[in-house]
1. Please average, across the residues of D:145-155, the number of beta carbons from any other chain that are within 10 Å of each residue's own beta carbon, and give a whole number.
2. Among D:Met39, D:His219, D:Gln342, pick out the residue whose Cα is farthest towards the positive end of the charge dipole of chain D, where Lys and Arg carry +1 and Asp and Glu carry -1 on C-beta, about the Cα centre.
3. Determine the shape class of the stretch C:101-210: with a ≥ b ≥ c the square roots of the Cα gyration tensor eigenvalues, call it rounded for a/c under 1.5, and otherwise prolate if a/b is greater than b/c, oblate otherwise.
4. Report, in order of residue number, the helices in chain A meeting two criteria: a C-alpha extent of 24 Å or more along the helix axis, and a mean Kyte-Doolittle hydropathy of at least -1.0; treat each whole DSSP H run as one helix.
5. Distances in nm, one decimal, shortest first, from B:Gln65 to the same residue in every other copy, taking the label point 7 angstrom along Cα→Cβ.
6. Roughly how many Å is it from the Cα centre of the stretch B:11-69 to that of the stretch B:77-91, as a whole number?
7. How much of the DSSP bridge set in the protein assembly as shown is antiparallel, in percent, rounded to the nearest 5?
8. Can you sort B:Ser196, A:Ser41 so the residue with the fewest Cβ neighbours within 10 Å comes first?
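Please treat every number below as a calculation from the coordinates, not as lab data. Bear in mind that the values here come from a model prediction, so they are computed numbers and not experimental data. Please note: Cβ atoms are built from the backbone with ideal geometry, for glycine as well, and neighbour counts cover all protein chains shown.
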Number of protein chains: 4
Amino acid sequence: MLLDKNMGSIINIGVIGYGYWGPNLVRNFIELPVTKVIMVSDFKTELLSKAQTRYPTIEVTTNYQDILANPQIDAVAIATPVSTHFSLALAALKAGKHVLVEKPMTMTTEQGLRLIEEAERRNLVLMVDHTFVYTGAVQKMRELVANNQLGDIYYYDSVRVNLGLFQHDVNVIWDLAVHDLSIMNYVLQSQPYAVSATGISHIPGEPENIAYLTLFFNHNLIAHIHVNWLAPVKVRRTLIGGNQKMVVFDDLEPSEKLKIYDKGITLNGNPDSNAKEVYQMLIGYRTGDMWSPKLEVTEALRTEALHFVECIKQGKRPITDGSAGLQVVKILEAATLSMKKQGQLVELDKVEVAA
Amino acid sequence: MLLDKNMGSIINIGVIGYGYWGPNLVRNFIELPVTKVIMVSDFKTELLSKAQTRYPTIEVTTNYQDILANPQIDAVAIATPVSTHFSLALAALKAGKHVLVEKPMTMTTEQGLRLIEEAERRNLVLMVDHTFVYTGAVQKMRELVANNQLGDIYYYDSVRVNLGLFQHDVNVIWDLAVHDLSIMNYVLQSQPYAVSATGISHIPGEPENIAYLTLFFNHNLIAHIHVNWLAPVKVRRTLIGGNQKMVVFDDLEPSEKLKIYDKGITLNGNPDSNAKEVYQMLIGYRTGDMWSPKLEVTEALRTEALHFVECIKQGKRPITDGSAGLQVVKILEAATLSMKKQGQLVELDKVEVAA
Amino acid sequence: MLLDKNMGSIINIGVIGYGYWGPNLVRNFIELPVTKVIMVSDFKTELLSKAQTRYPTIEVTTNYQDILANPQIDAVAIATPVSTHFSLALAALKAGKHVLVEKPMTMTTEQGLRLIEEAERRNLVLMVDHTFVYTGAVQKMRELVANNQLGDIYYYDSVRVNLGLFQHDVNVIWDLAVHDLSIMNYVLQSQPYAVSATGISHIPGEPENIAYLTLFFNHNLIAHIHVNWLAPVKVRRTLIGGNQKMVVFDDLEPSEKLKIYDKGITLNGNPDSNAKEVYQMLIGYRTGDMWSPKLEVTEALRTEALHFVECIKQGKRPITDGSAGLQVVKILEAATLSMKKQGQLVELDKVEVAA
Amino acid sequence: MLLDKNMGSIINIGVIGYGYWGPNLVRNFIELPVTKVIMVSDFKTELLSKAQTRYPTIEVTTNYQDILANPQIDAVAIATPVSTHFSLALAALKAGKHVLVEKPMTMTTEQGLRLIEEAERRNLVLMVDHTFVYTGAVQKMRELVANNQLGDIYYYDSVRVNLGLFQHDVNVIWDLAVHDLSIMNYVLQSQPYAVSATGISHIPGEPENIAYLTLFFNHNLIAHIHVNWLAPVKVRRTLIGGNQKMVVFDDLEPSEKLKIYDKGITLNGNPDSNAKEVYQMLIGYRTGDMWSPKLEVTEALRTEALHFVECIKQGKRPITDGSAGLQVVKILEAATLSMKKQGQLVELDKVEVAA
């Protein structure tokens, strides 16, 4: 669905940042038949040596400007710390390159708006690497919601905890909740209007390592995200409750990651009766079969990389475009603010972007 | 530890309410060698028939006053809807009976204080049926914390969700979170100073069926409770994170309900160095063995019933006394208020009870 | 499907044996509207006291002959050690009572044939208490096989292990495998022609406490049963492999006990080609959705008791009749013999019973 | 324990076979500081291209003789189909190379003896790639047994099933049970004296795809292995029952692969009493804590490759030497024979190898 087989000419890629995620980007762009990796930059030379040993034909540089200045290169993938995303992506766009940038897209809403504006003006693709959106499980959840198979959505609840690497520059919301927010926004296609968040830092001088976010939506919907860098067990579990069916997405299951339960409540209240007691007796339960659909197993980053190429070639808007990236950043900003105020509600202004 | 074998004379019990929980109280007080159930009351005669068929020697009545007026009866167990707890417990105390009352103890803090005062004045036992406190798993968690085996406690996180019976008179916090709060208060022996809660009702005119509570403590500790009547799967899981060890309590595990992980972070920062970058490099990880202790498997309600008798006979204060019940009610009240205000922080005043 | 609502007059029941299983029989026959329990016998008076305390209206006796001699009693349920099944069931049939006997039905094939003959001659119902056959999960498995939803059945594999009570009079095959054999025979509706079994006793002087049975069928089907009284964890898991679909039945799952996998191999061999190498390339894999059907949750023993009554009233043959009981006994006998000979194949003669 | 840090000069490696497992061997020998991969051979040129793209400095050839003839090369790793192991390993030994050969070592006992003899005569290392033996979990199980922490071993029970690639040249015993046998032999350090095996092929003309092996030992010990290429779910689970403690090894658990249960039976029989009934009353149960030790997480093949080098340099005998390989082959041969005879016991002659 996302892929187009007749993609014609090769797109030349430069990759900025070869730390944790960069090697995955390089590998996927190398393995695709429609892309070629021309150059990789990183300020650590030992990482560049690693890249060159593995892929002797790729050029390496400690100066990302070499990538921007290379007229051969059509598109740039940015896999550097979040604080550098804005300036690197802006420079790449100004150099006329299409951009695929790691999530979170930027540190602020303002920066996000600026990137979107620059990409629009230059008619370049700006895509955010919300990798999970391209997994078979998330695509299937989107399909279930889009086809109204769950009915009205009541809640979205996600837990992402483990004994994880403490970040020093961003708190656990920016590191982990960013995944859940990008999945949630894509699956629900609905924006929260406000957030209440709580959290704590257990290590003096370090950012918050545990956090809880509640997101308020119109239409009877609530969402909650629990993230923690200091949990004894790894949990990656999302519940989506609809009034027709309910979903459990457990990303640690080797197969059957998605389970759809034909369960819910039934309301058989007599509309003529105003007697509360009578009405109360008529809330019933419904339990039926459970079903676990087969999922697409292509590596998400490969699907995403192909989608990036398709958007470049066909002038299409990516499903994880700048606007999707910005919406996540807005929530991250608001949640961090609410967390500082111990749960006080912070409203999210509507994102103003030309469609 | 809780039990005393030489308990002497028999304590005569009256049970008010024979709906969902009453039969368990009757069964346990009948099976104990130190108690005798004299009378059961309920306003539904079909429930009384059931009681009489099963236990032909017990007297039954639709009027609880018959129990209070019976001079043979030493103690009363109250298993009625929460809205009736205060008036029934107060009447029982005034009639000179020791009282075991279902949780939540009362609907308001004020009512709770009044009951405590009445029991103190009359030198009667007032005990709240926080049943989980008397399970092997909770007793073991208390022991681990008391013996400082987990180190400083960083967080307490609990999830209690399932497709459950909707209550009409109380929200999901009063129905489900009450369990987690009673366990948490007992295990941590520490009081939160404020709560931020969020939640929603999906059924018009009904109380909130999903809720999230964050509890703030002094000393770097945070707690969170997630409760939901509308989940496709049943989850009963608590994580306790300490700086030495961490605990997972999964009450749905048939055995190995408690797992203790020798995991955590290590801080090897050089105190002489103020350089943030240097310090950052020194957060390390530690993972060791996991251990699942054998737990006491006596039915919790039996242990609790024996403790009630022991307190009556020896004039001891129950471990789930009126003060423990009041502390839970205070949090329930504050959480409900915060939830109405979409997460706004609500402070918990110190409970003022004569020790 | 098994039940008939219009059952008319009451069937009077006598229960012989009030040890482990007898109380369940009594409770179910008491709770049914179409049966009444008249008398219970056991040679232990303390067990009879227990029965009488719980059910004051039931007569008790230490002499089972009192039950057989009672003209009021229509049917007898026998829940005594296996060595007594034959003589008690025969006496009951001779006294003109319908019989529901615990599994295994008898100690030998010969005894089983004798009971069937007696019941046929007197036109009485002889039913064996293969309780699992009446569970929702087993009924659903039977339905799947009967409707050919799994395709040709390739294998039936079952594991039933735990730290269990050592029996002194029978080995682990007679205690545990009897369950699997009764389920398997019912689900497959197909008889093995031979068995190879291995096992061992770890306690001198005691019967085998661990055993492995392989059952050979015609038509490309194989079955295996693993039973063990000395396992650190409890396992109750059956796999059924068909060439269209495969089933996992995990009886310890609180819900979703049955999972049906749309998985298998595909054979696309070219019938014109005899070249082995070509053929080999054409074995493919197929994986599709998994589906967990909602199961009937009525207590199996209640369904079974109702079926017993229905058979008595309508002169129907029970689905777990004497012939089903005999088929299981034949396999138990043969497996025990094979086990003594360390796996040597023992053939099962066809059971000769007038249909 | 297995590793020696001071390994001095570099060992030059040739790898024969670059199909499924060869790339893992190449990668590990490349990453070790003490080895260098000189040449890779495979008869498929497309596989050699893959090798060369990834590792441009390695020589490739379609003729394995080039490896044997290369005087630079000290040792050869053989990762080809089992039918070629014997001739390739023999040729390598005759060419004076140390040999690491895939499991199963050979197709027959006779071949295995011949290889052992050749290696002994030439004073060369002959090692079999029983990779699992070098995992943290298996090393820990060996340690538990060696230190007598489980007490007397009662049984070893292993299940290895999934929807797996059908082999055309060997049956499922040679493909899957080989893993369990190599682990079992290493952990127990005890040899079975006979085997009874059953199994079936569901695809005409193809080898058996499901099999069950019972292994008989002296000393009250029994082992059983269940392997299946056609299971809907993946299971990798081993139970080891000792009279003091019991172990569950679940290789699919992401962490906590090993759980040790302090469970068992207690025998308090009165030695003076011969009364069977009295004795019977004295079998009791014991359940205590469960413990899951932290395991070494180094990749097993890396540990193994280092051990191979260590043995070459120090003239040591590998823990998975030719004798260990031969013992496994003997059981595979005997099991296949027993399976053809539907479970008939096949005795295993003592392996005669000069120590």
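1. 1
2. Sorting the options by dipole projection puts first D:Met39.
3. oblate
4. A:322-340
5. Inter-copy label distances (nm, one decimal, shortest first): 6.0, 9.5, 11.2.
6. The two parts, judged by their Cα centres, are 15 Å apart.
7. DSSP beta bridges in the protein assembly as shown are roughly 60 percent antiparallel.
8. Arranged by neighbour count, lowest to highest, B:Ser196, A:Ser41 become A:Ser41, B:Ser196.
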